[in-house]
Amino acid sequence: MDCEKEKGQKVFPIFYHVEPSEVRNQTGVYEEAFKNHERDAYEEKKKKIEEWKTALRKGGKLSGFPLQDRSESNMGTKKIEGILLNQTTATAKPIGLTAEAFRKMNQLRLLIVKNRAVKLSQDFELPCHDLTYFCWYGYNLESMPSNFHGDNLVELDLQFSKIKYLWTGNVTRKLKVVNLSFSRHLVDISSISSMQYLEILILKGCTSLRSLPRNLHQLEYLRTLSCAGCSRMNSFPEIKDDMGRLRELNLSGTGITILPSSIMHLHGIENLDLSYCMYLESLPCSIYSLSFLKTLLLNECPNLEHIKYSKFEQRVMFESNSGRIVPRIRPLRIEQGPEFV
């Protein structure tokens with residue numbers, strides 16, 4: 001009960017072979033047990049007994065699972081819809097989880113593990129089809145479980161994981177957010193391109209990742225893409241079709257040398273970060289046509305050739321106003337780039 005009071009955690013009691021009223025009122029076997037404890041008890045023990053009684057009264061008032069038979073003991077597991085495991089101490093001992101621990105949790109919808117001491121066995125399986133939010137910091141397997149079903153998954157957060165590949169089976173149409181930041185072993189995200197309704201993709205610090213999928217343009221609903229710190233990524237794919245919904249593109253700290261001229265298909269982009277691209281040599285002329293561009297970061301790009309800033313100033317976006325087509329200049333902020341012409 002201290003966890004509920006001090007940490008705000010939820011408590012779900014299981015009343016095995018006992019009525020909740022007996023726990024709450026300390027009758028029956030509880031009454032007899034306390035009488036035995038109180039007999040000849042010294043003062044310190046009496047205080048502890050009172051604490052036990054208080055905890056049982058509170059626990060007996062909570063909604064839980066009354067079980068009368070051992071065969072029913074899995075009922076509580078089957079009803080679990082959410083799990084949250086936070087880091088408790090910096091020196092926490094490793095906690096092992098096996099496939100058996102999740103086998104009967106077929107109604108699990110929310111799984112959040114932010115305790116990097118929790119480790120999974122190699123045979124780990126996740127049979128639930130209702131999972132909508134999967135967050136596991138330091139996920140220690142190289143891929144998703146073999147039987148993973150992402151039918152209803154909306155967000156996948158595997159920061160600091162050891163994952164190398166995402167799953168190759170059917171991908172949910174509901175997935176909106178994927179965050180694989182600092183997954184330093186990640187080498188293949190080809191399955192990402194089949195997540196057609198994806199809106200946010202964060203790959204920050206994935207230092208083993210060398211490229212993005214060639215058919216990246218299939219992510220037509222993508223709004224944010226961050227590859228910041230992907231130091232081995234030396235190219236950006238050709239954009240073969242319209243990606244007008246993309247607003248944020250962060251390629252800072254990557255190894256790219258050029259941007260393709262097809263970047264013009266990112267015509268809705270507002271913020272483009274190319275800072276610390278040490279090997280970037282040039283920008284395509286088509287970048288001057290990005291009329292919605294608000295911020296262009298070019299800090300620490302020592303090999304980047306001169307940029308014609310005057311061309312940015314001439315960018316015009318046309319809009320209808322009372323039936324007439326009129327030009328409107330959209331201001332642009334450029335930070336610490338090379339010499340402008």
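The values are calculated or read from the model by the stated rules, or taken from the named source; none is laboratory data. Please read these numbers as outputs of a predicted model, since none were measured by experiment. No Cβ is skipped: glycine too gets one built from the backbone with ideal geometry, and neighbour counts run over all protein chains shown. Side chains included, ligands, DNA and RNA excluded: accessible areas come from the protein's heavy atoms. Shrake-Rupley method; radii C 1.70, N 1.55, O 1.52, S 1.80 Å.
What to note about this one:
- Any hit, segment 145-167, residues being under 22 Å from Thr207 (Cα atoms), in a loop (DSSP other than H, G, I, E, B), open to solvent by less than 70 Å² (accessible area, probe 1.4 Å) and at pLDDT below 80: yes
- Selection status of Leu304, surrounded by 14 or more Cβ atoms within 10 Å (Cβ to Cβ), modelled with pLDDT under 90 and closer than 22 Å to Cys230 by Cβ: yes
- Looking across segment 144-167, just one residue is of a type in the set (Ser, Thr, Tyr) and farther than 15 Å from Leu186 by Cα, and that is Ser146.
- Candidates are the residues of segment 1-38 that are part of a loop (DSSP other than H, G, I, E, B) and modelled with pLDDT of 80 or more; the one that is surrounded by the most Cβ atoms within 10 Å (Cβ to Cβ) is Gln26.
- Extreme residue, modelled with the highest pLDDT, among residues of segment 213-224 that are open to solvent by less than 10 Å² (accessible area, probe 1.4 Å) and assigned to a loop (DSSP other than H, G, I, E, B): Leu222
- Filtered residues of segment 183-204 (kept if assigned to a loop (DSSP other than H, G, I, E, B), open to solvent by 60 Å² or more (accessible area, probe 1.4 Å), out of contact with any strand residue (DSSP E or B) (no Cβ under 6 Å at 6 or more places or on another chain) and within 24 Å of Arg232 (Cβ to Cβ)): Arg184, His185, Val187
- Within segment 267-290, the set of residues being outside any loop (DSSP other than H, G, I, E, B) and polar (S, T, N, Q) comprises Asn271, Ser282, Ser286, Ser289.
- Residues of segment 101-120 that are open to solvent by less than 30 Å² (accessible area, probe 1.4 Å), out of contact with any Cys (no Cβ under 7 Å at 6 or more places or on another chain), modelled with pLDDT of 80 or more and assigned to a loop (DSSP other than H, G, I, E, B): Asn115 alone.
- The set of residues in segment 225-251 that are touching a Lys or Arg at 6+ places or on another chain (Cβ under 9 Å), farther than 16 Å from Ser183 by Cβ and not in a loop (DSSP other than H, G, I, E, B) comprises Glu248, Asn250.
- Conditions (1) modelled with pLDDT of 70 or more; (2) touching a strand residue (DSSP E or B) at 6+ places or on another chain (Cβ under 8 Å); (3) farther than 25 Å from Trp167 by Cα; (4) not charged (D, E, K, R): number failed by Gln87: (1)
- Residue list for segment 112-125, restricted to those being closer than 22 Å to Asp188 by Cα and in contact with a strand residue (DSSP E or B) (Cβ under 9 Å, 6 or more places away or on another chain): Leu120, Phe124
- Exactly one residue among Ser286, Ser275 is touching a residue at least 60 places away in the same chain (Cβ under 8 Å), more than 23 Å from Ser143 (Cβ to Cβ) and over 21 Å from the mean Cα position of the chain (by Cα), and that residue is Ser275.
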